[in-house]
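Report on one structure; see the data block that follows.
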Amino acid sequence: MLQRSKYSQRMTRSSLVSLEESYELCRQVTATYSKTFYMGTQLMPEAKRKAIWAIYVWCRRTDELVDGPMSSTTTTETLQEWEKHLESLFAGYPLEDTDVALVDTLSKFPLDIQPFRDMIAGQQMDLYRSRYETFKELELYCYRVAGTVGLMTMPVMGVVQSSLTAPWNKNQQMKSPTSEAIALGIANQLTNILRDVGEDARRGRIYIPLEELALFDYTEEDLLNGVIDRRWRELMKFQINRARKFFVDAEKGIRRLNPDIRWPVWSASMLYSKILDAIEHNQYDVFNRRAYVSTPRKLVCLPIALLRSKVL
């Protein structure tokens, strides 16, 4: 359903669904494919959560070009055409049903096209790369496929514009939390990578930097064979600690977001970071067991996130 169709197969404007129906489609996709993320959006004001659903669906469709059921047919030309599709949306012309909601979102919030372009560039990396030698290389990939989401959504969430409270800072404005928004996206992507090591290995992909495998005397062959031993556990501890540092860096910027969005963002950050706890609980077995956060554990996070949104 989400695989991008060819231009010749696109619907005309008159055949597209209504705005209300388009947002409902986006809601359904978000609820189906990202339950943890969807729970966080439920805490947002209606206009903001609907906009976030529209952005999420575009991101998912973009990701599925290289990771979806028809990804074997995706080429560089496919991604170039998808970028033309994106330009049409920013020009105000929806081409498919879920586009209707995104075009409406673009008319209401000051989104910039560049993070969307950068995400497409990240999918381009997945077309020709299945290994990353250093973390610097991986960090660029994580920015493109996930850090960009922070930049896409920040205009929807809104940033506090009032001056700092100290008298000597009365003429200074609070800095926009751009780097923290990017950090949250990278933290989420690093968490995805650690959760999906086994699944990616079965597709011949290794995202953990090769120089870090070597640092722990763990080989590509070990990873592809799902070897779990002392070396693997130490390597995973190292990876998890780094992901958590990105979550901590991201959380420093939440207080600069509009008050009506702080609780959902705290919730989303806490809920996703709990996946790292689940990996540890599974004894770092990401080859045979999928780490997930149960509904009761998610619910426990919500009041804590609410408290943090009020005092931090």
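Could you order Ser22, Ser34 so the one with the most accessible surface comes first? Probe is 1.4 Å.
The most accessible residue leads, giving Ser34, Ser22.
Could you size up the charge dipole of the range 18-128 around its Cα centre, putting +1 on the beta carbon of Lys and Arg and -1 on that of Asp and Glu, and report it in debye to the nearest 20? Numbers along the way, then the final one.
Working: 10 positive and 18 negative charges, 96 e Å.
The calculated dipole for the range 18-128 is roughly 460 debye.
Once you sort the root eigenvalues of the Cα gyration tensor of the chain as a ≥ b ≥ c, which label holds: rounded (a/c under 1.5), prolate (a/b larger than b/c) or oblate (the other case)?
In terms of gyration-tensor shape, oblate.
Mind giving me the nanometre distance, one decimal, between the label points for Ser15 and Ala214, set 7 Å out from Cα along Cα→Cβ?
My value for the distance between the label points is 5.5 nm.
Quick check: at a probe of 1.4 Å, how many percent of the accessible area of the range 221-268 sits on carbon and sulfur atoms?
49 percent
Tell me which of Val286, Gln28, Thr75 sits at the most positive position along the dipole axis of the chain, charges placed on C-beta atoms (Lys, Arg +1; Asp, Glu -1).
Of Val286, Gln28, Thr75, it is Gln28.
Got a number for carbon plus sulfur as a percent of the range 18-128's accessible area, 1.4 Å probe? Show your work: numbers first, answer last.
On the way: 2440 of 4750 Å².
Carbon with sulfur: 51 percent of the solvent-accessible area.
Percent relative contact order of the range 212-312, based on C-alpha pairs within less than 8 angstrom and at least six residues apart?
28 percent.
Largest first, what is the accessible-area ranking of Thr36, Thr148 with a 1.4 Å probe?
In descending accessible area the options line up as Thr36, Thr148.
Can you give the FRET efficiency for Glu199 and Gln161, using 1/(1 + (r/R0)^6), R0 = 45 Å, r = Cβ-Cβ distance, to the nearest 0.05? List each step's numbers first, then the result.
Details: r = 43 Å, r/R0 = 0.95.
Here the calculated transfer efficiency is 0.60.
Using alpha-carbon pairs under 8 Å, 6+ residues apart, how would you state the relative contact order of the range 18-128 in percent?
Relative contact order of the range 18-128: 35 percent.
Just to verify a number: FRET efficiency for Ser107 and Gln42, C-beta to C-beta distance, R0 = 25 Å, to 0.05? Don't skip to the answer; put the middle values down first.
Values: r = 24 Å, r/R0 = 0.95.
After rounding, the FRET efficiency stands at 0.55.
Using a 1.4 Å probe on the protein heavy atoms only, what accessible surface does Arg144 show? Give it in Å² to the nearest 10.
Approximately 70 Å² for this residue.
Count the net charge of all other residues whose Cβ sits under 10 Å from the Cβ of Leu151, scoring Lys and Arg as +1 and Asp and Glu as -1.
Result for the neighbourhood of Leu151: -2.
Separation of the range 13-38 and the range 74-109 by C-alpha centroid, Å?
Cα centres, the range 13-38 to the range 74-109: 15 Å.
Using alpha-carbon positions, what is the distance between the centroids of the range 126-165 and the range 254-282, in Å?
Cα centres, the range 126-165 to the range 254-282: 16 Å.
Using the heavy atoms of the protein chains alone and a 1.4 angstrom probe, what is the accessible area of the chain per residue in square angstrom?
Result: 48 Å² of accessible area for each residue.
The values are calculated or read from the model by the stated rules, or taken from the named source; none is laboratory data. These numbers come from a predicted model, not from an experiment. A quick note on method: Cβ atoms are made from the backbone with ideal geometry, for glycine too, and the neighbour counts reach across all protein chains shown. To get the accessible areas, we keep the full protein, side chains included, count just its heavy atoms, and leave off ligands, DNA and RNA. Shrake-Rupley method; radii C 1.70, N 1.55, O 1.52, S 1.80 Å.
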